[in-house]
Amino acid sequence: MKSILRITALLSLPLLLSLPTPARAASVDENLPDAQALMQLELRAQQANPRDQCFLYTELVHVMTEMAGKQMLDGDVDQASATLKKVNAYAQLIHMDLASNTKRLKNAELLMHHTSYRLSEYLHKASSEDRDTLNATLKQLDQVHDELLAQVFKH
């Protein structure tokens, strides 16, 4: 029994190390892709096998949420709003039953949880006129996260 617990702890260590620490979670991700890399990620998600699309779209939602946060903090509200509209569109694709037959479901759920958390941080820093868009996006991401979580426990 002890060896099983030890193995489980060792296997979960990389996951625990990859989770954001409060210091890292408080700042915008500095490794944001350029426009070319973002287009490649979008294309990769669109052309992927349906079993891979959920995770790839979740990854895209995460990256674009980070970009929207940076744009908002830089004062580029119009661009942040446009990016959040894309986040909503990709979240809707995840919502439309992509999660029912997918690989890396737990990874997608964890990433969506982190993305929702980051967006709620941006919400607290946002001006009052930006909060409606952020709230709508956060509500949708929370709904997608709940659906992913339900799928994780279903399997």
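The values are calculated or read from the model by the stated rules, or taken from the named source; none is laboratory data. Owing to the predicted nature of the structure, the values given are computational and were not obtained by experimental measurement. FYI the Cβ positions are ideal-geometry reconstructions off the backbone, even for glycines, and counts take in every protein chain you see.
Values as computed for the structure displayed
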item	result
Residue check, Leu110 over 26 Å from Ala35 (Cβ atoms), out of contact with any Phe, Trp or Tyr (no Cβ under 7 Å at 6 or more places or on another chain), aliphatic (A, V, I, L, M) and modelled with pLDDT of 90 or more	yes
The stretch 32-89: number of residues that are of a type in the set (A, V, I, L, M, F, W, C) and farther than 18 Å from Leu111 by Cβ	8
In the stretch 36-66, the residues that are acidic (Asp, Glu) and exposed (fewer than 13 other Cβ atoms within 10 Å of the Cβ)	none
Qualifying position, being on the phi < 0 side of the Ramachandran plot and not in a helix (DSSP H, G or I), among Glu147, Glu129, Glu109	Glu129
Selection count where residues are surrounded by 20 or more Cβ atoms within 10 Å (Cβ to Cβ) and farther than 24 Å from Thr58 by Cβ, scope the stretch 123-140	0
Of all residues in the stretch 76-106 being at pLDDT below 90 and not in a helix (DSSP H, G or I), the one that is surrounded by the fewest Cβ atoms within 10 Å (Cβ to Cβ)	Met96
Looking only at the stretch 141-155, and only at residues there that are in contact (Cβ under 8 Å) with a residue 40 or more places away in the chain and crowded, with 22+ Cβ neighbours inside 10 Å, the one that is farthest from Lys86 (Cα to Cα)	Leu148
